[in-house]
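Worksheet: the structure to be examined is printed underneath.
Computed from the coordinates by the stated procedures, all read-outs in this text should not be read as laboratory data. This is a predicted model, so every value here is computed, not measured. Cβ placement follows ideal geometry from the backbone for every residue including glycine, while neighbour counts extend to all protein chains displayed.
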Amino acid sequence: MLTSRLVWYTLSASAALGVTLALSACNNASTTQPTEAADATNTSSAASGAKTIRIATEGAYPPFNFTNADGSLGGFDVEVAQALCDQMKAKCDIVAQDWDGIIPGLNAKKYDAVVAGMSITPERQEQVDFTDPYFTNTMVWLAPTGGKFDPKNIANVKLGGQRSTTPGAYLQEHYEGKNGVTVQLYDNYDNAYLDLKSDRSDAVLAEKVSAKAWLKDNAQGFGVVGDEIDNNDNIAIAVRKGDPLKDEFNQAMKQIRENGTLAKLEQANFGQ
């Protein structure tokens, strides 16, 4: 996932129609757990003749991806994946996968790609190939308003974040074990935010869009404290090393960026 980031527009009537179809299709995205290996070159849909691209997302990182009450998957990642599949004239089979196992599952061929708000990092680039970025993010401090947390003087506090993310790595690198700071990393941001709300931590470092999504329902007594942190955090699609699917995604991404679809999805999910 993430740390600081940057952000990626003119809509034609036909592009707007395409987005509407993509959004409605996302509501029917598969939530089957990825237990069967996906063919390295993708499978073919017997019904339509279109190839099927099996895509994993976390399903627990709103607004990028989440699981609805009925078990279906939603969020920006799901909608981007569906828009790309539509552009490629492919069938999109989107499944949920726990974050810690998402790259191992890709390399074990349980699915063909990962679209899960994943940041490009040198460590991940050793394991997978990344497409061109489809989003850029920044990090923010989320803390009680009027509390003791001061982003300009971080000492003797408990800081929360999600493990295996760029904000989590940033916390460990810059603050863990220094000036009386304790860093607590969680399996997902929901648990990090829960401890913040329960006064078991003083601040959480998170991606801006994740923090803003949480604040929509928890604005009372909490807010973004201090300035945004921009660490050039680019989010992209992960595929297996050497997979030609990377070039197919890049071509489709170029098209949905140029026709305004990507901008419309950003606006719908992030208000930007």
Here, trypsin sites (Lys or Arg not before Pro) of region 55-120 satisfying both criteria (DSSP loop; at most 15 other Cβ within 10 Å) are Lys89, Lys109
For Asp150 and Ala50, extending 7 Å from Cα along the Cα-Cβ vector and measuring point to point gives, in nm, a value of 5.7 nm
Low-density loop trypsin sites (Lys or Arg not before Pro), region 205-262, at most 13 other Cβ within 10 Å, DSSP non-H/G/I/E/B, are Lys216, Lys241
Within region 47-138, the percent of DSSP beta bridges that are antiparallel, given to the nearest 5, stands at 35 percent
For region 171-221 the GluC sites (Glu not before Pro) that pass both the DSSP coil test and the at-most-16 other-Cβ-within-10 Å test are Glu176
Stretched fully, the stretch from Ala69 through Leu194 gains (0.36 nm per residue minus C-alpha distance, one decimal, in nm) 43.1 nm
